[in-house]
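Colleague: I have a structure I would like to understand better, so I am pasting it below and will then ask my questions one at a time.
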Amino acid sequence: MRPHRPAQGGGLAVLVVVTVLASLAAPHATALRGLVADALPVIAVPEAPGARPASGSRTARAVAFALRQRGKPYRWGAVGPHAFDCSGLTWAAWRAAGVTIPRTAAGQLASFPRVRGRLQPGDLLVYASSGPSRRHVAMVIGPGRMVEALGRGIPIRSTGIRPGWLGAVRPGAGR
């Protein structure tokens, strides 16, 4: 009995298929990379009591809403449900949690007390920006992490908190 040998040339076919798929995916690489990175497991550092919002709290609902929007496109002036700008995302997230906040990043920064001490999920970080409103806002989702609608061509994503924010506010405090 002769030993079975695989068919010759099968590796070439696989290489061709992989090359075609890679060339089709290349224009979407940035968006795909963000989606894949967000899907990777994160090893959590033990947190101090009270660092995470209670699962039924308004803060937890606002954070969960914002996280569900990941992957949707950025569009200036949009408040959902298919696209958001930065302040439209935070406005819609807090609205979904039953909390009314101003529509713009500057209004959000001006309307709530500044955070003193440690950032908590649901806090809003406002940055200077070169965009039309001159302000950008993102929502803290956990230790060192935030969710944001950064700008044109960048889908809503979760990312590490960047330094240099102008101020942090806590919309759901005391509610």
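Please treat every number below as a calculation from the coordinates, not as lab data. If you're wondering where the values come from, they're calculated on a predicted model, not measured in any experiment. Cβ coordinates were reconstructed from backbone atoms using ideal geometry, including for glycine residues, and neighbour counts include every protein chain displayed.
Colleague: Could you tell me which residue of region 134-152 is farthest from Gly98 (Cα to Cα), considering only residues that are touching a helix residue (DSSP H, G or I) at 6+ places or on another chain (Cβ under 8 Å) and part of a loop (DSSP other than H, G, I, E, B)?
Modeller: Arg134
Colleague: Of the residues Gly122, Gly77, Gly117, Gly131, only one is assigned to a loop (DSSP other than H, G, I, E, B), at positive phi and in contact (Cβ under 8 Å) with a residue 40 or more places away in the chain; which? Step through it out loud before you land on a result.
Modeller: Values: Gly77 fails: in contact (Cβ under 8 Å) with a residue 40 or more places away in the chain; Gly117 fails: in contact (Cβ under 8 Å) with a residue 40 or more places away in the chain; Gly131 fails: at positive phi.
Only one candidate qualifies: Gly122.
Colleague: Also, I was wondering about something else. Could you list, in sequence order, the residues of region 53-82 that are among the aliphatic types (A, V, I, L, M) and within 13 Å of the chain's Cα centre (by Cα)? Spell out the reasoning first.
Modeller: Pass one, region 53-82, residues among the aliphatic types (A, V, I, L, M): 54, 60, 62-64, 66-67, 78-79.
Scanning region 53-82 gives Ala62, Val63, Ala64, Ala66, Leu67.
Colleague: Any chance region 100-116 includes a residue that's under 15 Å from the mean Cα position of the chain (by Cα) and among the small types (Gly, Ala, Ser)? Spell out how you get there, then give the answer.
Modeller: Let us first name the residues in region 100-116 that are under 15 Å from the mean Cα position of the chain (by Cα), namely none.
There is no residue in region 100-116 that is under 15 Å from the mean Cα position of the chain (by Cα) and among the small types (Gly, Ala, Ser).
Colleague: Looking at Ser158 and the list (1) touching a residue at least 40 places away in the same chain (Cβ under 8 Å); (2) part of a loop (DSSP other than H, G, I, E, B), which single condition is not satisfied?
Modeller: (2)
Colleague: Of everything in region 161-175, what is part of a strand (DSSP E or B) and buried (at least 17 other Cβ atoms within 10 Å of the Cβ)? Give them in sequence order. I'd like the intermediate steps shown before the answer.
Modeller: Let us first name the residues in region 161-175 that are part of a strand (DSSP E or B), namely 167-169.
Selection gives Ala168, Val169.
Colleague: Moving on to the next point. Could you say whether any residue in region 88-102 is among the aliphatic types (A, V, I, L, M), farther than 21 Å from Arg61 by Cα and in contact (Cβ under 8 Å) with a residue 24 or more places away in the chain?
Modeller: Restricting attention to region 88-102, the residues satisfying the condition of being among the aliphatic types (A, V, I, L, M) are 89, 92-93, 96-97, 99, 101.
Then drop every residue that is not farther than 21 Å from Arg61 by Cα, which leaves none.
Scanning region 88-102 turns up no residue that is among the aliphatic types (A, V, I, L, M), farther than 21 Å from Arg61 by Cα and in contact (Cβ under 8 Å) with a residue 24 or more places away in the chain.
Colleague: Are any of the residues in region 146-155 of a type outside the set (Ser, Thr, Tyr) and more than 18 Å from Phe84 (Cβ to Cβ)? Explain how you work it out, then say what you get.
Modeller: Filtering region 146-155 down to residues of a type outside the set (Ser, Thr, Tyr) leaves 146-155.
From what's left, more than 18 Å from Phe84 (Cβ to Cβ): none.
No, region 146-155 contains no residue that is of a type outside the set (Ser, Thr, Tyr) and more than 18 Å from Phe84 (Cβ to Cβ).
Colleague: Can you pull out every residue in region 68-95 that is among the hydrophobic types (A, V, I, L, M, F, W, C) and surrounded by 17 or more Cβ atoms within 10 Å (Cβ to Cβ)? Let's see the steps before the verdict.
Modeller: Looking only at region 68-95, we keep the residues that are among the hydrophobic types (A, V, I, L, M, F, W, C), and these are 76, 78-79, 83-84, 86, 89, 91-94.
The answer is Ala78, Ala83, Phe84, Cys86, Leu89, Trp91, Ala92, Ala93, Trp94.
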